[in-house]
1. Count, please, the residues in region 21-59 that happen to be over 22 Å from the mean Cα position of the chain (by Cα) and either outside any helix (DSSP H, G or I) or loosely packed, with under 10 Cβ neighbours inside 10 Å (or both).
2. Of the conditions (1) modelled with pLDDT under 65; (2) part of a helix (DSSP H, G or I), residue 16 satisfies every one except a single condition; which number is it?
3. On the basis of being modelled with pLDDT of 90 or more and not in a helix (DSSP H, G or I), does residue 10 make the cut?
4. Name the residues in region 60-78 that are part of a helix (DSSP H, G or I) and of a type in the set (D, E, K, R), would you?
Amino acid sequence: MLIHTKNQDKIVTHKGKGTQQQDEADEFVEIGALNGIFVLGRSMGFIGHYLDQKRLKQGLYRHPWDDISYVLPEHMSM
């Protein structure tokens, strides 16, 4: 998609044919762009939580390590 803004007050977009847009959409899905958007949202949430905890002058919550239970197969037992 081309965007031209030279000597005009409005933005003019030139869109390609339907197959070109479908090809671009397929490529975005193939390279994992949707996963990148998911990771970005999760990262923003973690940063917001961190800043909120700092604002409230509380440390970050750490669950006690000995309270976490793992169920492992017999051959992988510790």
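The values are calculated or read from the model by the stated rules, or taken from the named source; none is laboratory data. Because the structure is predicted, anything quoted here is derived from the model rather than measured. Cβ placement follows ideal geometry from the backbone for every residue including glycine, while neighbour counts extend to all protein chains displayed.
1. 5
2. Among (1) modelled with pLDDT under 65; (2) part of a helix (DSSP H, G or I), residue 16 violates only (2).
3. Values: modelled with pLDDT of 90 or more: no; not in a helix (DSSP H, G or I): yes.
In short, no.
4. Step one: filter region 60-78 for residues part of a helix (DSSP H, G or I), giving 65-67, 74-76.
Answer for region 60-78, where residues must be part of a helix (DSSP H, G or I) and of a type in the set (D, E, K, R): 66, 67, 74.
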